[in-house]
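Below: the structure, in structure tokens.
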Amino acid sequence: MTTTAQGPERESLELDRVTIRFAGDSGDGMQLTGTQFTRTAAVFGNDISTFPDYPAEIRAPAGSLPGVSGFQISFSASDIHTPGDAPDVLVAMNPAALKTNVVDLPPGGALIVNSDAFTPSNLSKAAYTANPLTDGTLKQYKLFQVPISTLNARALEGLEMTSKQVDLTKNFFALGLMFWLYERSMEPTLKWIDQKFGSRPVIAEANRRALQAGYSYGDTTEMFHETYRVPKARLAPGTYRNITGNEATALGFLAAAHAAQRPLFYGSYPITPASDILHQLSAYKTFGVKTFQAEDEIAAIGATIGAAYGGSLALTGTSGPGVALKTEAMGLAVMTELPIVIVNVQRAGPSTGLPTKVEQADLFQAIFGRNGEAPMPVVAPATPAECFTFAVEASRLALKYMTPVMYLSDAFVGNGAEPWRVPAVGELPDISVPNAVKGEGTFLPYGRDPETLSRPWAVPGTPGLEHRIGGLEKLHGLGTVSYDADNHHRMTVLRRDKVAGIARDIPDLEVFGPGQGELLILGWGSTYGAIRSAVERLQAEGKSVAQAHLRYLFPFPENTGDVLRRYRTVLVPELNLGQLWFVIRGTYLVDAVSYGKVRGKPFRISEIVDEANRLLAERS
Amino acid sequence: MTDIVTPAAPAKLTRKDFVAEQEVRWCPGCGDYSILAQTQKVMPDFGVPKENIVFISGIGCSGRLPYYMNTYGFHSIHGRAPTLATGLKLARPELMVWVITGDGDALSIGGNHFLHSMRRNVDFTMVMHNNRIYGLTKGQTSPTSEFGKRTKSTPMGSVDRPVMPLTLALAAEATFVARTVDTHTEHMQHTLEAAGRHRGASYIEVLQNCNIFNDGAWREFTERDVRDDRMLVLEHGKPLIFGKDRDKGIRLNGLHPEVVTIGEDGVTEADLMVHDQHAEDPYLALMLSRMFWPEYPVPVGVLREVERPTHSDLVDEQIEQAIAKSGPGDLAKALLAGETWTVE
């Protein structure tokens, strides 16, 4: 039992894990609210996992169903891998947000609504025929009706602001209330307000007051009988920061350039959900990073190839539709054997698809999507923090093997956040490779390193190495244009073997759980967290279930076939209709089972558990 | 890793130093031979070590030119040469970059990159071989083909109106815009030299003959016996005079240029327009870019040459400014940006 200075006596309960979803109109600042709560939880020392879910429209009509924006955060005292299947608490800022989100709230869950927003007009925009706050339809939840707009406006009285400006701060009232409910400090957000609105004192004051008003409201009202504590998580020792996948990607490539001792070049065309990488790298001017916002996706990769030709660590970043446009140029990079990295932050397709929603349906495109025999290594980070590691790894492979590399992230891993143990600069691997210099005899632009089969990187400006490259087939060694049939076969096989040989240079596929048994759940990319949590749950139930998660999709780790054959059944859950499954079957003749989902949302843990149980029952 | 040591006093190079070993494979009689020969001839004059020169091309007959230059060369994909050149110049501003292209490559499939590389003032020289036809694909209509042109793909005549390449280059804010002719070898040499020395996006339209699929496309005004009367050689600061007898000129009549004869109707040289290739405003250059045979003599030479900071100048300047303000980037600090906490 605790007592506070002003408030009534109430209990403080300790919880292991809490999942909150903030939902409101896309103009209500839900992403910011979620991000602030995330930072606070992260700095406190919880393990966290987040899932921002926002509409494609920047501002759909206010109050409408398509305009609802959500942000889910799970914070915990123990190790977590997902932002939670279902929220424990739903904060709904208007009827539309309630309608689209309440279906995910389990019975007994806490529902905090801005009751001021439940006007006849807003109810009608959300297609409610009756007010759900009064018609009894929400009785299975713990409903807290808070007149947020009114209370917030009262707290801001006396400030020279329009009523619209005042209304824009109500998200911080909600944030303040949640800080109180979960016994969080307001300090990180107050500090953020000072930094963000330092030059606009009235706005800063308004946000401070809104935050404090929400906090005090929780403390003084008798509506809440409990507050909650989620203790610090036991993370490995080190210095941590909260990081999204896209942030980690940008930072990873910055670090890779350092580790490669080469200038960094990033050519890109704005596209959701990859643009944040362009924004972040554009801010690294003091590192000499050169970013180029091109006229289109093709120019972005064209410039990237040009910069790689000139000796830079060069990348281009986009999402699936952009990769489609870059296809021909990727073939050119394969043919000219120049090192570039193509970052694909996947989103739901085909075509424009669901631009802000997650999907993993570009795996075929990554592995096969070019004309001719055009092999290209493909890697995929599994978590936001892993985006850093794999940015460095993709760069290492590109430089060492003189090849374009596809880096497959997605909207979930790119926008999601988790705590990241910050590595020391000295922990970075040395990924540097030398430029070619003039040696004895004739220079062979397509001569090969006997171990890696990569060709020399002869950058313009190097005396004595003047040579010509291009998209036409090249004569083995000399690199002059060759239409010779046998030479083409030989070069095609060499390019294949070069990329295939990378399998010897990457870690084996690891297994979590029994080394052999009934069921292996095989995944790749951002499904890692849901699969890991599902496997932990199944193992706790005593089931013979293991997890293996591929970070290297082409070529596969050398032991992949061996791992797959050690289990009676292999289940492949993917946010597509069976792309890895198809490749696995084709490569290893393993009769794996596909579990595909393309609903623009990540897997729930329970979906994978249920599918695994169904299979175990069916095949026992 | 990209610091390149150039010899302090490079040995004087000759045309032969720029001739690659690869056998030249254009059709006999193609205008591209002359463009290659003049390019090789002027190259030593720049005093740039050949390892610092890069030729980048797209697809089409013109695309083969880099293979024949004993410099660094990159035969890229259709229409995209300006994009590679843009990235290369950003990464390595000190290199001298030439983009070799054709009317289809630059204006059709690569039209977007043409526009944007020019407006960015990327410091390269684009040499566009304009033969008004698709040659390598064996004779289809191109963006510069005449309206109504009958080709294999337009048996009843093309229904597309042609673009005026020089007008496009000017509209796209190119800082050097010129035209020359494949058979006018000396004029081409001067034009290539001027373009190569210009810092910024230089564009040269070379009227080039495809003797297989569009023979004589420019013959009406480029042939030796008629060219003086049908072409207008532009010289900075000089009046717009042409003709075998140097008695014809261009006068501004209202908003329109008109051809006049000096000595007739009281017209004197003083009435003629005077060429100013350095004019900041583009109006004169735009007017010249629209003049074409048979209504007007066809202007050749430099239409416009103005100084503006190049794309890579501006990018490098921002980097220098950022470093001057905040010091060179510290990776350890960047990794720890934002709020951090320590777990013991």
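Annotations
- Members of segment A:109-142 found to be more than 24 Å from A:THR33 (Cβ to Cβ) and in contact (Cβ under 8 Å) with a residue 24 or more places away in the chain, listed by number: A:ALA127, A:GLN140
- When segment A:425-446 is limited to residues that are in a loop (DSSP other than H, G, I, E, B) and hydroxyl-bearing (Ser, Thr, Tyr), the one that is most open to solvent (accessible area, probe 1.4 Å) turns out to be A:THR442.
- Only one of the numbered conditions (1) over 15 Å from A:ALA96 (Cβ atoms); (2) among the aromatic types (Phe, Trp, Tyr); (3) at pLDDT below 90 is not met by A:TYR54, and that is (1).
- Considering segment A:281-374, the qualifying helices (runs of 4 or more DSSP H), each wholly inside and each with 1 or more residues that are open to solvent by less than 10 Å² (accessible area, probe 1.4 Å), of a type in the set (Ser, Thr, Tyr) and within 14 Å of chain B (Cβ to nearest Cβ), run over A:297-309, A:320-336.
- Scanning segment B:264-307 for residues that are open to solvent by 60 Å² or more (accessible area, probe 1.4 Å) and over 23 Å from B:LYS244 (Cβ atoms) yields a total of 7.
- Residues within segment A:447-464 that are open to solvent by less than 30 Å² (accessible area, probe 1.4 Å), more than 37 Å from the chain's Cα centre (by Cα) and either more than 7 Å from chain B (Cβ to nearest Cβ) or among the aromatic types (Phe, Trp, Tyr) (or both), tallied: 1
- When the strands (runs of 3 or more DSSP E) confined to segment B:227-344 are screened for residues that are over 23 Å from the mean Cα position of the chain (by Cα) and within 14 Å of chain A (Cβ to nearest Cβ), those reaching at least 2 such residues are found at B:340-343.
- The residue that is farthest from A:THR40 (Cα to Cα), counting only those in segment A:173-213 that are under 29 Å from the mean Cα position of the chain (by Cα) and of a type in the set (Phe, Trp, Tyr), is A:PHE197.
- Residue within segment A:592-599 that is in contact with a Lys or Arg (Cβ under 8 Å, 6 or more places away or on another chain), open to solvent by less than 60 Å² (accessible area, probe 1.4 Å) and not assigned by TED's automatic domain parsing to the domain that holds A:GLY416 present: yes
- Identity of the residue in segment A:465-505, assigned to a strand (DSSP E or B) and either more than 20 Å from B:ILE56 (Cβ to Cβ) or among the hydrophobic types (A, V, I, L, M, F, W, C) (or both), that ends up most open to solvent (accessible area, probe 1.4 Å): A:VAL481
- Some residue of segment B:116-136 being without any contact (Cβ under 8 Å) to a residue 60 or more places away in the chain and either buried (at least 23 other Cβ atoms within 10 Å of the Cβ) or within 25 Å of B:CYS210 (Cβ to Cβ) (or both): no
- Residues in segment A:258-272 that are more than 9 Å from chain B (Cβ to nearest Cβ), out of contact with any Phe, Trp or Tyr (no Cβ under 8 Å at 6 or more places or on another chain) and crowded, with 23+ Cβ neighbours inside 10 Å: 1 in all.
- Answer residue from segment A:225-257, given it is surrounded by fewer than 21 Cβ atoms within 10 Å (Cβ to Cβ) and of a type in the set (A, V, I, L, M, F, W, C) and is nearest to the other protein chains (Cβ to nearest Cβ) among those: A:LEU235
- Single residue of A:PHE71, A:PHE22 found to be in a strand (DSSP E or B), closer than 30 Å to A:THR221 by Cα, touching a Lys or Arg at 6+ places or on another chain (Cβ under 9 Å) and not polar (S, T, N, Q): A:PHE71
The values are calculated or read from the model by the stated rules, or taken from the named source; none is laboratory data. Keep in mind it's a predicted model, so treat the numbers as computed, not measured. A quick note on method: Cβ atoms are made from the backbone with ideal geometry, for glycine too, and the neighbour counts reach across all protein chains shown. Side chains are part of the model used for accessible areas, which takes the heavy atoms of the whole protein and leaves out ligands, DNA and RNA. Shrake-Rupley method; radii C 1.70, N 1.55, O 1.52, S 1.80 Å.
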